[in-house]
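Below: the structure, in C-alpha cells.
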Amino acid sequence: MKRRDTLKAISLTGFGLAVTPVEAAVPAPPTPKPLKIPGGRQKFEAERDAKLMGEKFFTPHELQTVTVLSDIIIPADAKSGSASQAGVPAFIEFMMKDQPGNQTPMRGGLRWIDNTSKRLFGNDFVACTKAQQIELVDQIAYPKLAKTGMTQGASFFSMMRNLTASGFYTSKMGIEDIGYVGNVPNQWNGVPNDVLKQYGLAYEEREIAGYE
Amino acid sequence: MFIGQDELEAVKVSPVLLCIVYYVSNQISLLFTYSFMNSFHLNHAPTEYDVVIVGSGAGGGMAAYTLAKAGAKVLLLEAGGYFDPADPKYITQLKWPYESPRRGAGTTRAFGDFDAAWGGWDIEGEPYTTVKGTEFHWFRSRMLGGRTNHWGRISLRFAPDDFRRKSMTGVGEDWPIGYNDISPFYDRVDKLIGVFGSKEGMESEPDGYFLPPPKPRLHELMIRKGARSIGVPVIPSRLSILTKAINDERGACFYCNQCGRACQAYADFSSSSVLVKPALKTGNVTLVNGAMVREVTTDPATGLATGVNYIDKATMDDVKIKAKVVMLAASTGETARLLLNSKSSRFPQGLANSSGVVGKYINDSTGASRSAFIPALMDRKRYNEDGVGGMHVFTPWWLDNKKLDFPRGYHIEYWGGMGMPAYGFGWGVEAMNGMIAARDGSMKAGGGYGAGLKDDFRRFYGAYVGMAGRGEPVPLESNYCEIDPSVVDKYGIPVLRFNYKWGDYEIRQAKHMQDTFEEIIHSMGGIALGSKPDASNNYGLAEPGKIIHEVGTVRMGNDPKNSVLNKFQQAHDVKNLFVVDAAAFPSQGDKNVTWTILAASMRTSEYLFDQVKKKNI
Ligand SMILES: Cc1cc2nc3c(=O)[nH]c(=O)nc-3n(C[C@H](O)[C@H](O)[C@H](O)COP(=O)(O)OP(=O)(O)OC[C@H]3O[C@@H](n4cnc5c(N)ncnc54)[C@H](O)[C@@H]3O)c2cc1C
Ligand code: SF4
C-alpha cells in the first residue's frame, strides 16, 4: 500500500500525470492472506502446499477411474482395508500437482485405459463389469508378459501400482498392516532372543557384557 | 575399554572437576580479552569485533564456541535462518508419513519432506554453473548449523597415513601436519560432543573416547557374519549420537532413527544446538542470521583483513562489518568463492591467492552402492528396530593399496531393516516379485495386483539391505572451481563455476567396490538387485559432489607457492585471515571429514588465541 501511495504522490505532484496509468503499470500486490505455517515447514513450502491443495487435477471421471484401479491393486482383505479406504486417490491427486512430470503419463494412461476398454468391451473402464476390468488388467499387470499394443498400458499400470503402494503403506492403515511398530521413544536393546535363535545368530561377548 | 566414557561421566558428576573447568576457561577468557585489547590498540567502538566468523556449520560453530569461551567478542554471520530442533516451529521428528501430503517425498527437500536441511542441490536465486563436459553437484544448507543439522553423524578420525599419502604413493598431497598434531583435538571433540564406537586398535581407524555403541540390528548381524566369512571386517559404527547423556544441556538418544530430522533432545551433534547455542550463552557472540557475506575487505596499505561486507537478505542492505580477525567457515565451495570475489588492487587474483591455488584441487568422496534382497529375512517377526539414526556397524578400509590398481581406500556403509514406510515404499515391486517363489513354491510373473500383491509386500518388508562405498580420491589441480565470468546470484554476487572430472583411479576404485558388494551380498545369501554397474557407467561411481564431502579449495601447506594457508589454517598472504572449514584440507582420507573439520577448527581457534597472546596478530 505504501509503495502505491508513493507512486501516486510522485505522479501527481512531480509530473502532473493522471493517476490511472501509473497504477495500471504497477498494480498493488494483493493483500496476502495470512497463512499459518505448520511446524517443521518453511514458509515457501507452506505457501506452496496451500496453493497445491487449492488446485484440482483430476476430473471426476478420472478420479473415479483412479479409485477403481487403486482398489484393484490394493483391495480390502482380512487384515486391512482397501487403497481408497486409506485415502490413496487423494494422495495420487496431490502427487500430480506436486510433481507435474507425473501429469501426462497419468492423464494419458487413464485415457489409454478408456480407449482400450472401449475397443474391447464398448465401454469406459469404470462402466465395464468387474470381470471385464480384470480381463484388461490381467493384460497389463505383468510387464514382462504384456503383448504388443499392451505395453503402454503395462507402463501405466506399474505407475499406478507404485503410487498406490506408496500411498497405502504410508497411511495409518497401511503402516498397521505392514507391521511397522517404531517411531516412538524407546530403548534399543538388540534383536529379541527368539529372533536371534531363529536365525542362528548371537551377539559377541562385549556386546552382551557391555562395553566398559 | 571405554576410557572416554568414564571421563565423560566424571565431567558430569564431579563438581570439583567442573569448578576447575570453569576456572580455567575464565582465566583463558580474561587473558584473551586482555590480549586482544593490547595487541590492537584500536578504538573499541562497539561495532568492531575481535573476530567475525562467516558460516555456522561444523567449522564456524566450533570456532564460535572455542573463541567465545575464551572471551573473544565474536560476530557470527550466517546466510540462512535461525533453527532450533527443539522448537515446535521447526520439529519434524516423530512425525508420521501421512502428516506430509507427499508422504515424505523429496519434492522441496532433497532428502525428503521431514529432513532438516533448508536448501539442497538447487537454491532459488543462487545458481552455480559447470564447465561443459564436466560435472559437479553442490549441496548447500542455508540455516543455523549448516549441513550439520541433517548430516549422517558418521564421525571418524583420520589415521596417521591419511596425512601423508603423497609420501606413501607419489600421488596427491601430504598435509603440513600429522596425526599427532591433531589427535589431542580429536580427543577433546570426542569428549565435548560425544561419539559412540568401539576400541578396535586398528592403525588405519584410530580409536577415540567412545560412548557405548548400540547393538547391531538383525540385518547388520547377517552382514557381519557374511562379510567376515570372506575376510571383510565389520565393526561398530562411530556416530556422534549420545547413547548416554553427557551433560545437563543434552538428553540421551531415544532411538527413533531420525537424526536426519535433527533431534529435539539434542542427543545428536548439530553445530546449531551443540556449539552455537552454548556459545551464545556466554554473551560473547552476536549471531546475525540472513547475512550473506559477499566479500572480505582489506586495508590497501597493510594488506590485512579489516572485516567483511554482507547483504542483509531481509532488507537487501549492504552492511559493512569491522573486525580484527576474519574466519571463513562458509563451506568448501563458498569459502573459495568469497576469497575469489574479494579482489582488490593489492589482491588482483582474489584474496590470499598469490599462489593461484584458491579453488583448485576440489575433491569429493567417491561413492558407489548396491542393494540386495535377503530371502532369509522374508516374513520376519515384527519388532521395533529403529535404533539410532544411522547404521550400527560399518566396514573400515581393510586392504593394502600397494596390491591394488588404485592408490586410495574406501569404507562401506550399510542400511536395511524394518524402517518407517515413506514415499517410494513398494516402488518397482514388479522387478522383484517375479524372482521370488510364492508361499506354495510356485513362480509367477513380476507385477500383479490384489491379495497376492498385498501378501508380497508383507513378506518382503524388512528383507532388503544396501551398501555404499565412500572412498578417497586423488586431488587433482585440473579439478577446480572459479568465478563464472558472466553469472551472478540474486544478491549480485558472482557465482562459482565448477570443473570436475573423475580420474581412472577413482573409476577403478568403484569397480573394486562393486565386486566387493556382490561378494558380501552372496556371502549372506542375498540376491543383488538391478544389473551390476560396469564400465559403461563408471561402475556406478556417483557424479562429483553427490557424496557431499567436498574439500580442498583453499588448501594448507608449507609452501606458499602451492598452498593458501599455513599449517594452522592461517592465510600465508594475510595473517589475520583464517579458514576453518574443509576448504583447508589437502585431502580427505577414506573417512567422512566432519570430525576433522571440528578438531581442526578448535586447533586453529586456539592457535589464534595463542597468537593474540603473543601479540603476533
Ligand atoms: C545428507 C548429508 C549427510 C552427511 N553425512 C556426513 C557424515 O555422516 N559424516 C561426515 O563427516 N560428514 C557428513 N556430511 C558432510 C557434512 O555435513 C559437512 O562436511 C559439514 O557440514 C561441513 O561443515 P562446514 O562448516 O564446512 O559447512 P556447512 O555445514 O555447509 O556450513 C556452512 C554454513 O555457512 C553458511 N554460508 C555459506 N555461505 C555464506 C556466506 N556467503 N555468508 C554467510 N554464511 C554463509 C551456510 O548457510 C551454512 O550454514 C553430510 C552431508 C550431507 C548433506
Ligand atoms: S536416533 Fe536418537 S539422537 Fe537421533 S534423532 Fe532419534 S533420539 Fe535423537
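Figures for the structure shown
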| read-out | value |
| --- | --- |
| Filter result for the condition that a residue is buried (at least 21 other Cβ atoms within 10 Å of the Cβ), within 15 Å of ligand 1 (Cβ to nearest atom) and within 13 Å of another protein chain (Cβ to nearest Cβ), over B:CYS259, B:CYS253, B:CYS263 | B:CYS263 |
| Qualifying residue in region B:371-393 (condition: in contact with a helix residue (DSSP H, G or I) (Cβ under 7 Å, 6 or more places away or on another chain), away from chain A (no Cβ under 14 Å) and closer than 28 Å to B:VAL195 by Cβ) | no |
| Contacts under 6 angstrom Cβ, first residue in region A:151-179 being at negative phi, partner polar (S, T, N, Q) and open to solvent by 10 Å² or more (accessible area, probe 1.4 Å), 6 or more apart | A:MET173/A:SER80; A:ASP177/A:SER80 |
| Answer residue from region B:28-56, given it is open to solvent by 50 Å² or more (accessible area, probe 1.4 Å) and not hydrophobic (A, V, I, L, M, F, W, C) and is modelled with the highest pLDDT among those | B:THR47 |
| Residues of region B:198-221 satisfying the condition of being more than 7 Å from every other protein chain (Cβ to nearest Cβ) and aliphatic (A, V, I, L, M) | B:MET202, B:LEU211 |
| Residue within region B:460-471 that is over 30 Å from A:ASN162 (Cβ atoms) and out of contact with any strand residue (DSSP E or B) (no Cβ under 9 Å at 6 or more places or on another chain) present | no |
| Residue that is within 30 Å of B:TRP96 (Cβ to Cβ), modelled with pLDDT of 95 or more, crowded, with 17+ Cβ neighbours inside 10 Å and among the aliphatic types (A, V, I, L, M), where the choices are A:ILE113, A:ILE140, A:ILE178 | A:ILE178 |
| From the options A:VAL191, A:VAL195, A:VAL184, residue that is modelled with pLDDT of 95 or more, over 30 Å from B:MET524 (Cα atoms) and more than 22 Å from the chain's Cα centre (by Cα) | A:VAL184 |
| Listing of strands (runs of 3 or more DSSP E) fully contained in region B:281-397 that carry 3 or more residues being closer than 30 Å to B:ASN499 by Cα and either open to solvent by less than 20 Å² (accessible area, probe 1.4 Å) or among the aromatic types (Phe, Trp, Tyr) (or both) | B:291-298, B:305-312, B:318-328, B:366-373 |
| Number of the exception - B:LYS454 against (1) basic (Lys, Arg); (2) within 14 Å of chain A (Cβ to nearest Cβ); (3) within 30 Å of B:ILE235 (Cα to Cα) | (3) |
| Matching entry among B:ILE547, B:ILE597 (being within 16 Å of ligand 1 (Cβ to nearest atom), touching a Ser or Thr at 6+ places or on another chain (Cβ under 6 Å) and either open to solvent by 10 Å² or more (accessible area, probe 1.4 Å) or within 14 Å of chain A (Cβ to nearest Cβ) (or both)) | B:ILE547 |
| Scan of region B:97-107 for residues that are within 7 Å of chain A (Cβ to nearest Cβ) and either surrounded by fewer than 18 Cβ atoms within 10 Å (Cβ to Cβ) or in a helix (DSSP H, G or I) (or both), ordered by number | B:PRO97, B:TYR98 |
| Matching residues, region B:566-599, being polar (S, T, N, Q) and farther than 26 Å from B:GLY545 by Cβ | B:ASN566, B:GLN570, B:ASN576 |
| Residue that is farther than 26 Å from B:CYS256 by Cβ, within 15 Å of ligand 1 (Cβ to nearest atom) and open to solvent by 20 Å² or more (accessible area, probe 1.4 Å), where the choices are B:GLY441, B:GLY469, B:GLY428, B:GLY492 | B:GLY492 |
| Residue check, B:GLY59 under 21 Å from B:LYS281 (Cα atoms), touching a residue at least 12 places away in the same chain (Cβ under 8 Å), open to solvent by less than 10 Å² (accessible area, probe 1.4 Å) and more than 16 Å from ligand 2 (Cβ to nearest atom) | yes |
| Residues (under 24 Å from B:TYR186 (Cα atoms) and either touching an Asp or Glu at 6+ places or on another chain (Cβ under 7 Å) or within 16 Å of ligand 2 (Cβ to nearest atom) (or both)) located in region B:119-146 | B:LEU144, B:GLY145 |
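The values are calculated or read from the model by the stated rules, or taken from the named source; none is laboratory data. Here the structure is a predicted model, which means the values were calculated and not measured. As a convention, Cβ positions derive from the backbone with ideal geometry for all residues, glycine included, and neighbour counts pool all protein chains shown. Just the protein is used for accessible areas: all its heavy atoms, side chains included, with ligands, DNA and RNA removed. Shrake-Rupley method; radii C 1.70, N 1.55, O 1.52, S 1.80 Å.
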